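The structure appears below as structure tokens.
The values are calculated or read from the model by the stated rules, or taken from the named source; none is laboratory data. Please read all numbers here as calculations on a predicted model, not as lab measurements. Backbone-built Cβ (ideal geometry, glycine too); neighbour counts: all protein chains shown. Quick note on the areas: whole protein, heavy atoms, side chains included, nothing else; ligands and nucleic acids left out. Shrake-Rupley method; radii C 1.70, N 1.55, O 1.52, S 1.80 Å.
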Amino acid sequence: MIKIKNLVKRYGSNYALDDVSFEIGEGEIVGLLGPNGAGKSTVMNILTGYLSSTSGTVEINGVDMLESPIEAKKYIGFLPEQPPLYPEMKVMEYLNFVYDLKGTDLPREEHLSEILSVVKLSDLKHRLIKNLSKGNKQRVGIAEALIGDPRVLVFDEPTVGLDPKQILAVRSLLRTLARRHTVILSTHILGEVQAVCERVIIINKGKIIADERTEDIVRTIEDSYRLRVKICGSAREVEAALSKINGVRGVTATGERDLDAYAYIIETESGTDVRRAVFSTCVSRGFVLIGMENVGTDLETVFIRLVDRSDGARTDKKKRAKR
Ligand code: ADP
Ligand code: MG
């Protein structure tokens, strides 16, 4: 349904995207995950024809975005990072306006009222957009994307700025939409991908560093067990002592200070729990342990892990080449 090949976007000498390729099949729901500045919006803006690429191709349902932008765009409903709503318009008025703009040929009344009920805005259709809550404004943006019943839905950070209750509501809406559409959404929150997507494409500094089924990524994360500790004592001695504990792969000082304690990340072999050993080592060496938490599942850890893994694969290849 979506084919992206060797996409490059350059701003001056900076690469916002550096050779990005992926394909998304009909009916998939895919999360584009990455930290701020990774290139998510750039991918989505190019994919939807709102931004031109430096090089590379985008095909939607076999139609090339550069060659036939009008036809290709017909397949896509897009919720940009900042949906350009008209605050002085009423919800229904705005959706009618978009309906005309898109040249939709579905029965107007029926189509718009169906969309309003899907996004749960039927009761607010006569309200001015500027008086809606942030969550409901987001629903107007989603409604706009749904007009014309496009086969592909592209949502750029659809839950940013919403409160926890609104986030859950939008996620559940996304899952509902995914039953009838191909959906790609971007987010910087791993939990969002876990909650909504079957597949995750991870992007970092303009490059794709992973493209896997969500359950497999989650397994990768669960494999990596990292402990964050705060310990008072000489940093050199603490690092040396912690490194000697059975099952510890590495100890890194984060550079962060809390009063007279330093913070460290302890990485362990999967399946080993070193917390007791860390505690008793501190006691026997006279260090004071003032904090310990598992940091195995945050996005940063996943990135480090995945980057490590791809670097590892590269060195393996080099080693093999040398032989
Ligand atoms: P994300 O959506 O993942 O936060 P973006 O796609 O918005 O990331 O940005 C990717 C990179 O491209 C960032 O480093 C950003 O600073 C850069 N960038 C985006 N738009 C422009 C622009 N108009 N001019 C220069 N650099 C840009
Ligand atoms: Mg963005």
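Output ³J(HN,Hα) for the range 146-161: one whole-Hz value per residue in order, computed from phi by the Karplus curve 6.51 cos²θ - 1.76 cosθ + 1.60 with θ = phi - 60°, and x for Gly and Pro.
Each residue's phi maps through the Karplus curve to give 7, 5, x, 6, x, 6, 10, 10, 10, 10, 8, 6, x, 10, 5, x Hz.
At 25 °C and 0.890 mPa s, what whole-number value in µm²/s does Stokes-Einstein give for the translational diffusion of the chain, with Rh from the Kirkwood sum over Cα pairs?
Diffusion coefficient, whole number: 110 µm²/s.
Taking just the C-alpha trace of the range 223-296, give me its Rg and Dmax in Å.
Just the Cα atoms of the range 223-296 yield Rg and Dmax of 11.0, 32 Å.
Enter the accessible area per residue of the chain (Å², integer; probe 1.4 Å; all protein chains in place). Kindly include the intermediate steps, with their values, before the conclusion.
On the way: 16970 Å² over 323 residues.
On a per-residue basis, the chain sits at 53 Å².
Would you list, by chain and number, the lysines whose Cα falls below 27 Å from the Cα of LYS40, excluding same-chain residues fewer than 8 positions away?
LYS3, LYS5, LYS9, LYS73, LYS74, LYS102, LYS134, LYS137, LYS165, LYS205, LYS207
Could you state the angle between the C-alpha long axis of helix 214-223 and the longest principal axis of the C-alpha atoms of the chain, as a value from 0 to 90 degrees rounded to the nearest 10?
In the chain, helix 214-223 runs at an angle near 10 degrees to the longest axis.
With label points built 7 Å along Cα→Cβ from the Cα atoms of GLU109 and ASN96, find their separation and express it in nm.
1.3 nm
Quick one: Cα centre-to-centre distance for the range 1-34 and the range 156-179, in angstrom?
Distance between centres, Cα-based: 22 Å.
Who wins for biggest fluctuation among THR54, THR104, THR254 in a Gaussian network model of the chain, springs between alpha carbons below 10 Å?
Fluctuation is largest for THR254.
Per Stokes-Einstein, at 4 °C and 1.567 mPa s, what whole-number D in µm² s⁻¹ belongs to the range 61-169, with the Kirkwood radius over Cα pairs as the hydrodynamic radius? Write out the running numbers ahead of the final one.
Values: Rh = 14.5 Å.
D = 90 µm²/s.
Describe numerically, in nm with one decimal, the distance between label points set 7 Å from Cα along Cα→Cβ at ILE265 and at ASP64.
4.4 nm
Tally Lys/Arg at +1 and Asp/Glu at -1 over every other residue whose Cβ is under 13 Å from the Cβ of TYR15; what's the total? Could the numbers behind the result be given before it?
Numbers: positive: LYS9, ARG10, LYS205, LYS207; negative: ASP18, ASP19.
Neighbour charge sum, excluding TYR15 itself: +2.
Please give the calculated 222 nm ellipticity per residue for the chain, where each DSSP H segment of at least 4 residues contributes -39500 (n - 2.57) and the sum is spread over every residue; nearest 500 deg cm²/dmol?
-12000 deg cm²/dmol
Give the residues of the range 242-258 whose amide nitrogen is closer than 12 Å to a point set 7 Å from the Cα of SER284 in the direction of its Cβ.
Once the point is set 7 Å along Cα→Cβ of SER284, 242, 244-246 turn out to lie under 12 Å by backbone N, inside the range 242-258.
Considering only the other residues whose Cβ falls under 13 Å of the Cβ of ALA178, what net charge follows from Lys and Arg at +1 and Asp and Glu at -1? Walk me through the numbers before you get to the answer.
Numbers: positive: ARG151, ARG171, ARG175, ARG179, ARG180, ARG199; negative: GLU26, GLU28, GLU198.
After counting each charged neighbour, the total is +3.
Taking amide H positions as placed 1.01 Å from N in the peptide plane, with prolines and chain starts having none, which residues 5 or more places from ASP211, or on another chain, fall under 5 Å of its amide H?
ILE202
Tell me the Kirkwood radius of the range 1-82: reciprocal of the mean inverse pair distance over distinct alpha-carbon atoms, in Å.
Working: mean 1/r = 0.0766 Å⁻¹.
Hydrodynamic radius (Kirkwood, Cα pairs) of the range 1-82 is 13.1 Å.
Please report the carbon-and-sulfur percent of the accessible area for the chain; probe 1.4 Å, protein heavy atoms only, DNA, RNA and ligands left out. Can you show the working numbers first?
Numbers: 8230 of 16970 Å².
Percent of accessible area from carbon and sulfur atoms in the chain: 49.
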